[in-house]
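Bear in mind these aren't lab numbers, they're just calculated from the coordinates by the rules spelled out. Computed from a prediction, not measured in an experiment: that's the story for all the values here. For neighbour counting, all protein chains shown are included, and Cβ atoms are generated from backbone atoms with ideal geometry for every residue, glycine included.
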Amino acid sequence: MIRNTTIEKKTTGGTDIFDITGELEQHLKASEIQEGQVVAFVPGSTAGLTTIEFEGGVINDLRQAIDRLLPRNMHYDHDARWGDGNGYSHVRAAMMGPSLFIPVIEGLMTLGTWQQAVLCDFDNRPRTRRVIVQISGE
């Protein structure tokens, strides 16, 4: 059995980080799949998915680490070519990656106790992000 669904989030144009674990769990429960996997994928080249403990301090640490590694205010050839100022967001998204794979055992995602699935939007303008969720198994 395969179930396809989506999650949508409105972003602000900063480095927005959303906990999508609860929504993934709701979709998994509705699917009635007991053994299989949850795959989440964010279309577009300026957002990514990962796991982290969704706690204010850790989220701030993640934002600061991303800013240190890939700052907004350095030269990006993309900006020089297109003039849209979001070259940093493309590179950030590429480093994070667009998808997550989470095994499902006995009807539960196998995330750790302090591990949540998160959507990170890096673009420099507000957007409506869509996460495609595919749940498969039996």
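Structure above, values below:
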{"read-out": "Surrounding net charge for residue 113, when Lys and Arg each add one and Asp and Glu each subtract one, Cβ distance under 15 Å", "value": "-4"}
{"read-out": "Dipole moment magnitude, nearest 20 debye, region 1-91 about Cα centre, only Lys, Arg, Asp, Glu C-beta charged", "value": "240 debye"}
{"read-out": "Alpha-carbon spread of region 2-137, three principal axes, descending order, Å", "value": "50, 29, 21"}
{"read-out": "Within a Gaussian network of the chain (alpha carbon springs, distance under 10 Å), most fluctuating of 108, 49, 69", "value": "69"}
{"read-out": "Using alpha-carbon coordinates, inclination of helix 87-96 to the longest axis of the chain, degrees", "value": "30 degrees"}
{"read-out": "Angle in degrees between helix 21-31 and the longest Cα principal axis of the chain, rounded to the nearest 10", "value": "40 degrees"}
{"read-out": "Choice from 42, 104, 58 showing the highest fluctuation, given a GNM over the chain with Cα pairs closer than 10 Å", "value": "58"}
{"read-out": "Among 135, 100, 71 the positive-end extreme of the charge dipole of region 2-137 (Cβ point charges)", "value": "71"}
